[in-house]
Structure formats: structure tokens, C-alpha cells
1. Under the Karplus relation 6.51 cos²θ - 1.76 cosθ + 1.60, θ = phi - 60°, what is the ordered set of whole-Hz ³J(HN,Hα) values for the range 52-59, x standing for Gly and Pro?
2. Can you find, among LEU152, LEU120, TYR64, the residue sitting farthest towards the positive end of the charge dipole of the chain, where Lys and Arg contribute +1 and Asp and Glu -1 at Cβ?
3. Which ³J(HN,Hα) values, rounded to whole Hz and listed in residue order, are derived for the range 70-84 from phi using the Karplus coefficients 6.51, -1.76 and 1.60 in 6.51 cos²θ - 1.76 cosθ + 1.60 with θ = phi - 60°, glycine and proline given as x?
4. Out of all DSSP beta bridges with both ends in the chain, state the antiparallel percent to the nearest 5.
5. Once amide H atoms are placed 1.01 Å from N in the peptide plane, what residues at a sequence separation of 5 or more from SER117, or on another chain, have their amide H within under 5 Å of its amide H?
6. Any idea what the dipole of the range 62-135 comes to, in debye rounded to 20, about its Cα centre with Lys/Arg Cβ at +1 and Asp/Glu Cβ at -1?
7. Leaving out ligands and nucleic acids, note down the accessible area per residue over the chain with a 1.4 angstrom probe, in whole Å².
8. Could you give the size of the charge dipole of the chain about its Cα centre, using +1 on the Cβ of each K and R and -1 on the Cβ of each D and E, expressed in debye and rounded to the nearest 20?
Amino acid sequence: MKKRVALFPGSFDPFTKGHEDIVLRGLELFDEIIVAIGYNTQKSVRYFEIELMTNLINKTFEKYPNIRVTQFAELTAEFARKNGASFLLRGLRNTTDFEYENSIAQINRELYQELESVFLITSPKFAWISSSIIREVHRYKGDVSKFLPYKL
Ligand code: ADP
């Protein structure tokens, strides 16, 4: 049977326990998950360096041979196609996420019919965690360690 490969794309600036939860739950559905850090053009200046974040996510999943961590700077649908991913994994926290994800999913479907977007509803305990809030807390020297699955 064909391997079910999912791409989990995001800015991951930083990668949080909410993201980790989506990936681990995704493993119940897919044979392999590619966590891909995108260079988001609208948020082009990162707070956490991409190399640092790549290493930290790699460390987080070092015991999982079926989770791969990589970077990309092209259309998500195109990157998925090149990497043999037929599924796009995304997390949903609220209606704001839904509005955004809905339009992305529609455009991706137009661009690449074979790519199916799959959404997991956030676990309640992580629903309020956002990368932007963590950046704010970290900027002012607050302790963010309990929101992250690795040590900074
Ligand atoms: P992007 O800039 O592409 O939105 P993010 O790194 O902010 O990238 O998020 C990547 C994905 O993870 C998105 O689908 C987002 O909705 C989801 N996500 C972010 N935070 C959480 C969370 N706390 N729980 C579940 N999903 C989340």
C-alpha cells in the first residue's frame, strides 16, 4: 500500500507544544510527517533563527524515525508534490484559524488537486498557545519553557 505522507507546514517561530500535539496526533493517521518550516513572505523577519528552530524540532522528534524536519521557500503545494506528500496537515484553534485555513485550503486545491488538507482541532489545553504570544513573553524575558517541547 502507498505510504501516507503528510506535510505539516508553518512558520514555527517558535514551534510550540500546540504544534507538537498536532504532529503526534497526526502520526495516528499518517505513515510519515514532514515538518516544514516555511519562509513566510508576510512575516519574513523571524524572531527565532530558522537553523536554531530546525535543530530544536529535530531534537524534539529524535526518537521518531517517521518524522522529518526540513525548510522550504516555495509554494506549499509544490513543495508537497516534490516530497511525495498527498496530505497537508494543519491545526485549528478557533474561527480565526478556520477562516484563514479555509482560504488556504481552497487555493491549494486549485493548485494541486491531489493534495488533501486535513485539520486537527487543537487539544483544549493548548488552544490558547500561539507563537506570537510566546515571542512577546520571550522578548520581555518571561519564562516560556512550559509552552515549548524543548529547552531553548
Ligand atoms: P503559519 O504562519 O503558517 O500559520 P504557524 O507556525 O503559526 O504557521 O502554525 C502552523 C499550524 O499550526 C497552523 O495550522 C496553525 O493553525 C497551527 N497551530 C498553531 N498553534 C497551535 C496550537 N496551539 N494548537 C494547535 N494548532 C496550532
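1. Once θ is set to phi - 60°, the couplings for the range 52-59 become 4, 5, 4, 5, 5, 5, 4, 5 Hz.
2. So the residue furthest toward the plus end is LEU152.
3. Result, rounded to whole Hz: 8, 10, 8, 9, 8, 4, 4, 4, 5, 5, 4, 4, 4, 9, x.
4. On the way: 0 of 20 bridges.
The antiparallel proportion sits near 0 percent.
5. Here the answer is LEU88, since their amide H atoms fall under 5 Å of that of SER117.
6. 340 debye
7. Computed with neighbouring chains in place, this is 60 Å² per residue.
8. Working: 21 positive and 19 negative charges, 84 e Å.
Taking the Cα centre of the chain as origin, the dipole is about 400 debye.
The values are calculated or read from the model by the stated rules, or taken from the named source; none is laboratory data. Only a predicted model underlies this, so the values are computations on that prediction, with no experimental measurement involved. Ideal geometry is used to build each Cβ from the backbone, glycine not excepted, and the neighbour counts take in all protein chains shown. Note: areas computed on protein heavy atoms with side chains; ligands, DNA, RNA excluded. Shrake-Rupley method; radii C 1.70, N 1.55, O 1.52, S 1.80 Å.
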